[in-house]
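The values are calculated or read from the model by the stated rules, or taken from the named source; none is laboratory data. Everything numeric here is computed off the predicted structure, so don't read it as measured data. Cβ atoms come from the backbone with ideal geometry, glycine included; neighbour counts cover every protein chain shown. What goes into the accessible areas is simple: the full protein's heavy atoms, side chains included, and nothing from ligands, DNA or RNA. Shrake-Rupley method; radii C 1.70, N 1.55, O 1.52, S 1.80 Å.
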Amino acid sequence: MTLSTEAGTGSDTGPVSRTGTPTGTPTGTAASTPPAVRHDLGGEWQLTWLAGPDGTPAAIRDAALPAQVPGEVHTALLAARHLADPDVGLGETAQDWVGRSQWSYRRSFHFTPVPGTRTDLVADGLDTIAEVYVNGRHVGAARDQHLAYRWPVDDALEPGDNTVEVRFASAWDAALAHERAHGPLPSPYDEPYAHIRKTAANFGWDWGPHYVTAGIWRPIRLETYAGRIDHIRPLVTLAADHRSAEVTAHIRAEAPSGTSVLVELTGPDGRSAGNATGQVTGDETVLTLTVTDPELWWPVGLGGQPLYRLTARLDAADGTALDKTAVRLGMRSVAVDETPDALGTRWALVVNGRTVRVRGYNWIPDDTLPSRETPQRVAARIDQAVAGNANLLRVWGGGHFADQHFLDACDERGLLVWHDFLFACAAYCEDEETAALVTAEAEQAVARMSPHPSLVVWCGGNETVLGRHHWGWEDQIGERGWGAHYYLNVLPDVLARLDPTRPYVPNSPWSGALDADPATDTHGLSHLWDAWNEADYAHYRDHDPSFVAEMGWCGPAAWTTLERVLEGETPGPSSPLTRHHLRAIDGMHKLTRGLQPHVPAPAEGADWHFATQLVQARAVAAGVEWLRSRERCAGAVVWQLNDCWPAISWSAVDVAGIEKPLWYALRHSFAPRLATVQPVSPGPAHDPTGTAGLALTLVNDSVADWTPEVSVVRTSLDGQELARTRLEVSCPASGLLTLPLDPATAAPADPHAELLVVDTDGARTTWAYRPSRGLASPPPARTVTTSYADGALALTVTAESVLRDVCVFPDRLAAALGLPPHTLTSDTSLVTLLPGESHSFHITTRDGSALQGAEIPEPTLRLAVRSAEELTM
Ligand code: BMA
């Protein structure tokens with residue numbers, strides 16, 4: 001078995017074809033060395049069931065099905081209608097046999113030998129335990145979903161017709177066998193996911209189902225070559241004065257002696273920024289270029305994202321161009337500031353010498369079935385992160401490594417990426433085979449991702465050190481290794497060899513040392529889960545951490561997304577299928593407890609759905625704004641941006657791509673320039689209502705000073721203005737400014753009947769002195785009118801009483817417009833209106849097609865436009 005990195009990622013067509021079919025005459029003449037040719041084996045394969053549990057449907061046992069590659073068994077079964085959509089109803093249970101079965105993928109292809117070359121079979125990803133055959137001859141074996149594999153196949157190939165077959169064992173069986181051999185490992189889920197190198201969440205998580213996949217999930221091809229470039233690993237070192245940058249290109253190639261390699265760097269303007277040539281020697285050839293006056297790559301909001309292009313070409317001694325590939329890269333530096341402070345130790349990202357206050361989301365696999373995570377879908381999700389004012393995504397360790405499309409999209413948008421290595425929430429065995437796989441995975445991933453400027457942090461894993469400290473693992477682990485060897489030795493060693501330019505943190509959360517309790521706020525990285533798990537969201541204010549890598553609150557997917565899978569049940573606590581799609585531990589209880597201080601818990605249906613979505617939005621926004629108002633806190637990364645199935649989960653965007661109210665709330669709370677009202681006496685004995693006094697904090701993450709117009713108005717809930725102040729303030733670039741609010745304006749005469757409204761440069765924030773259910777709000781009264789202009793539908797809401805957090809649900813309007821629910825979006829949501837005020841919500845299609853002037857029936861409008869007051873009537 002040869003483990004190898006993915007083949008060149010370049011998209012250059014250049015003088016060398018990367019996708020030609022090696023069936024005709026070699027491209028080179030007899031006298032010259034032929035260039036490398038890559039023959040894609042993707043497309044339709046034949047899938048057959050080999051063996052499996054008793055419950056396997058009879059129709060599957062003898063069938064040969066078409067299966068798309070890249071893809072997985074589940075998608076082939078769905079396409080052939082041998083499987084009902086497992087997201088619907090209890091479909092998850094009915095697909096269990098798929099992951100417990102063994103499968104064969106087979107196809108034929110034509111091959112013409114090319115003199116002077118060798119041929120490899122290259123699989124960028126096999127899921128997971130596979131034996132590979134060419135013409136019935138065993139050519140290789142795969143043991144790790146996260147690895148690319150390369151096997152020489154010359155001895156197995158025949159001139160003319162050939163077949164390739166990949167036989168997959170059940171990943172479940174393989175994991176259980178490892179568990180039997182090495183002993184069980186502690187984890188919060190009763191599944192053996194830590195016993196196999198495969199997407200952990202595939203075995204179910206607290207936001208996703210158990211769809212244990214198998215298949216050829218990444219491209220597969222033949223490579224025929226005399227010489228080839230395996231990959232380029234460029235490392236960029238920016239001089240402290242930013243006047244120059246050094247690009248060290250490590251080129252891994254296999255080539256005949258006498259082959260030279262040429263690298264050429266092209267600037268963002270398309271002009272050459274330097275080149276260098278060397279002889280291919282050993283495993284790796286290193287060529288260094290110096291760029292003067294580099295154009296710096298910046299995180300979104302702090303500057304542009306110019307991208308350079310590095311091309312590498314192999315030239316044979318006879319002058320033939322043997323292979324060529326290219327990557328894009330950016331000129332930037334990154335470091336972590338871990339200086340001690342009054343409470344402990346800071347943890348702040350520093351890009352190009354500037355501290356970046358992080359507003360981020362955690363990223364999970366965007367679908368349970370990875371082939372459905374198309375580049376377009378992932379780019380749309382990344383656009384939602386950026387449009388939602390996030391500047392970082394953390395790719396969480398229970399999923400899979402980001403692919404090039406993901407990283408390209410982040411590079412282009414300036415969205416920072418923090419990438420976990422693939423460990424989550426469990427003890428991991430340190431046996432020899434696992435250690436070898438983990439090392440190879442890290443080597444490949446680091447080399448493959450090294451060009452991308454958006455990638456700024458490597459992290460050893462998720463909550464494994466936390467688990468060791470707090471989840472009672474001692475009894476089960478005994479003297480055995482539990483993974484620390486990976487986080488402290490293996491991964492740092494790989495990074496020291498392959499990428500010393502990026503910071504590494506051994507785990508998240510992390511307090512600076514293995515022995516230090518990671519569950520404290522004093523040092524490094526925190527995960528804030530007590531508010532959701534144990535208390536009300538006001539308790540986010542008990543914390544003063546230096547960087548929060550996780551915090552979140554559950555809420556349901558869009559109504560229509562759930563409706564599709566609930567088989568007619570009404571969403572709510574007494575619907576078994578609602579509970580089936582809610583995987584959070586004790587989730588229904590926590591959802592209900594979360595509502596209680598704020599709104600009377602509605603029993604079922606539309607009110608329950610709206611209330612839980614609203615409280616999710618308010619909870620996380622409250623936590624994020626609190627953290628952003630703290631001088632100490634250099635980051636808030638919310639759990640979680642996306643979903644992998646129709647869920648009641650922590651996500652801001654559901655699996656259909658529909659923004660939940662949380663997304664709109666965070667677009668406001670993550671705004672680079674934010675005005676937020678906070679109580680002046682937070683901390684364990686804090687006063688959540690703020691009657692002890694309020695302060696206004698301006699947060700300015702932008703590169704220019706901010707001098708907003710601020711008006712602070714205290715109003716009675718029936719709309720009478722009780723006090724008003726105008727503030728003239730200036731908040732410096734990358735700064736915070738906290739102003740205690742004058743009690744004459746901000747202290748309520750009757751906390752049950754008043755509201756503080758702060759308008760700052762057109763953005764509104766409100767402070768209620770009591771939770772919604774404790775407010776004496778008049779019954780909500782409004783008019784809603786609809787009109788169409790420029791292909792958009794405007795819903796104009798005019799408040800006759802105070803309406804807080806008016807939400808619009810475009811998916812509820814879609815049926816009236818004859819469109820699928822996820823195709824519509826609203827420019828705004830969660831808007832607070834005082835009596836007499838109006839706001840127009842603009843509904844448009846995501847693809848830009850014009851909306852026709854259909855009438856929206858009144859009952860539809862009632863469900864599509866809601867305000868908080870409706871819940872407390
Ligand atoms: C975090 C994550 C996930 C989990 C989430 C919600 O700690 O690391 O493992 O899904 O909490 O419980």
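Below are the figures for this structure:
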| item | result |
| --- | --- |
| The one condition in (1) within 16 Å of the ligand (Cβ to nearest atom); (2) open to solvent by less than 10 Å² (accessible area, probe 1.4 Å) that P506 fails to fulfil | (2) |
| Test: residue in the range 672-681 that is closer than 21 Å to V757 by Cα, more than 19 Å from the chain's Cα centre (by Cα) and within 16 Å of the ligand (Cβ to nearest atom) | no |
| Residue pairs meeting the criteria (Cβ under 9 Å; at least 6 apart or on separate chains; first more than 18 Å from Y537 (Cβ to Cβ), in the range 580-603; second basic (K, R) and within 16 Å of the ligand (Cβ to nearest atom)) | none |
| Number of positions in the range 643-658 that are under 19 Å from G623 (Cα atoms) and either open to solvent by 10 Å² or more (accessible area, probe 1.4 Å) or within 15 Å of the ligand (Cβ to nearest atom) (or both) | 4 |
| Pair list, Cβ under 9 Å, 6 or more apart: the range 513-542 residue on the phi > 0 side of the Ramachandran plot, other residue polar (S, T, N, Q) and away from the ligand (no atom under 12 Å from the Cβ) | G524/T345; G524/S511; G524/S546 |
| Selection count, the range 236-256, where residues are without any contact (Cβ under 8 Å) to a residue 40 or more places away in the chain and farther than 23 Å from P500 by Cα | 1 |
| Unique residue being touching a Lys or Arg at 6+ places or on another chain (Cβ under 8 Å) and free of Cβ contacts under 8 Å to residues at least 40 places away in the same chain when the list is L824, L819, L803 | L824 |
| Residue that is farthest from the ligand (Cβ to nearest atom), among those in the range 585-623 that are β-branched (V, I, T) and within 27 Å of A864 (Cα to Cα) | V599 |
| Residue, surrounded by the fewest Cβ atoms within 10 Å (Cβ to Cβ), within the range 537-546, restricted to residues that are within 16 Å of the ligand (Cβ to nearest atom) and closer than 15 Å to V615 by Cβ | Y537 |
| Top-ranked residue in the range 791-825 [being farther than 20 Å from Y664 by Cβ and under 34 Å from the mean Cα position of the chain (by Cα); ranked as most open to solvent (accessible area, probe 1.4 Å)] | A815 |
| Residue within the range 199-208 that is more than 30 Å from V98 (Cα to Cα), in contact with a Lys or Arg (Cβ under 8 Å, 6 or more places away or on another chain) and crowded, with 17+ Cβ neighbours inside 10 Å present | no |
| Residues within the range 547-572 that are in contact with a His (Cβ under 9 Å, 6 or more places away or on another chain), over 19 Å from P661 (Cα atoms) and away from the ligand (no atom under 16 Å from the Cβ), tallied | 2 |
| Filtered residues of the range 826-838 (kept if open to solvent by 40 Å² or more (accessible area, probe 1.4 Å) and within 24 Å of the chain's Cα centre (by Cα)) | D827 |
| Flag if P370 is within 29 Å of the chain's Cα centre (by Cα), open to solvent by 40 Å² or more (accessible area, probe 1.4 Å) and not basic (K, R) | no |
| Members of the range 88-114 that are among the aliphatic types (A, V, I, L, M) and either open to solvent by less than 70 Å² (accessible area, probe 1.4 Å) or assigned to a helix (DSSP H, G or I) (or both) | V88, A94, V98, V114 |
| Scan of the range 54-87 for residues that are among the hydrophobic types (A, V, I, L, M, F, W, C), open to solvent by 50 Å² or more (accessible area, probe 1.4 Å) and touching a Gly at 6+ places or on another chain (Cβ under 8 Å), ordered by number | A84 |
| Test: residue in the range 372-385 that is assigned to a loop (DSSP other than H, G, I, E, B), in contact (Cβ under 8 Å) with a residue 12 or more places away in the chain and either more than 16 Å from the ligand (Cβ to nearest atom) or not basic (K, R) (or both) | no |
| Any hit, the range 189-206, residues being modelled with pLDDT under 95, touching a Cys at 6+ places or on another chain (Cβ under 9 Å) and within 22 Å of C425 (Cβ to Cβ) | yes |
| Enumeration of residues in the range 766-781 that are of a type in the set (D, E, K, R) and either touching a helix residue (DSSP H, G or I) at 6+ places or on another chain (Cβ under 8 Å) or in a helix (DSSP H, G or I) (or both) | R773 |
| Odd one out for T199 among (1) among the polar types (S, T, N, Q); (2) under 22 Å from G398 (Cβ atoms); (3) over 23 Å from the mean Cα position of the chain (by Cα) | (3) |
| Pairs, first under 20 Å from A200 (Cα atoms) in the range 395-408, second among the polar types (S, T, N, Q) and within 15 Å of the ligand (Cβ to nearest atom), C-beta under 6 Å, six or more apart | W396/N362; W396/N462; G397/N462; G399/T199; H400/T199 |
| Residue among A402, A390 that alone is among the small types (G, A, S), surrounded by 24 or more Cβ atoms within 10 Å (Cβ to Cβ) and more than 16 Å from D654 (Cα to Cα) | A390 |
| Positions within the range 393-413 being under 24 Å from K660 (Cα atoms) and either more than 16 Å from the ligand (Cβ to nearest atom) or assigned to a helix (DSSP H, G or I) (or both), in sequence order | F406, A409, C410, R413 |
| Pick from the range 173-188, criterion surrounded by 20 or more Cβ atoms within 10 Å (Cβ to Cβ) and not in a helix (DSSP H, G or I), ranking: nearest to the ligand (Cβ to nearest atom) | S187 |
| Selection within the range 551-600 - open to solvent by 60 Å² or more (accessible area, probe 1.4 Å), of a type outside the set (D, E, K, R) and more than 17 Å from G208 (Cβ to Cβ) | G568, T570, S574, P576, H589, Q596 |
| Leading residue by the ranking (farthest from L614 (Cα to Cα)) among those in the range 519-536 that are away from the ligand (no atom under 15 Å from the Cβ) and surrounded by fewer than 23 Cβ atoms within 10 Å (Cβ to Cβ) | T522 |
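So that you can scan it fast, the table gives a plain yes or no per residue for (1) open to solvent by 10 Å² or more (accessible area, probe 1.4 Å); (2) away from the ligand (no atom under 16 Å from the Cβ):
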site	(1), (2)
L415	no, yes
A426	no, no
E430	yes, yes
E433	yes, yes
V438	no, yes
L455	no, yes
V465	no, no
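Here's the yes/no breakdown for (1) of a type outside the set (A, V, I, L, M); (2) closer than 22 Å to T501 by Cβ:
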residue	(1), (2)
E264	yes, yes
T288	yes, yes
W298	yes, yes
G301	yes, no
L307	no, yes
D315	yes, no
A321	no, no
T325	yes, yes
V334	no, yes
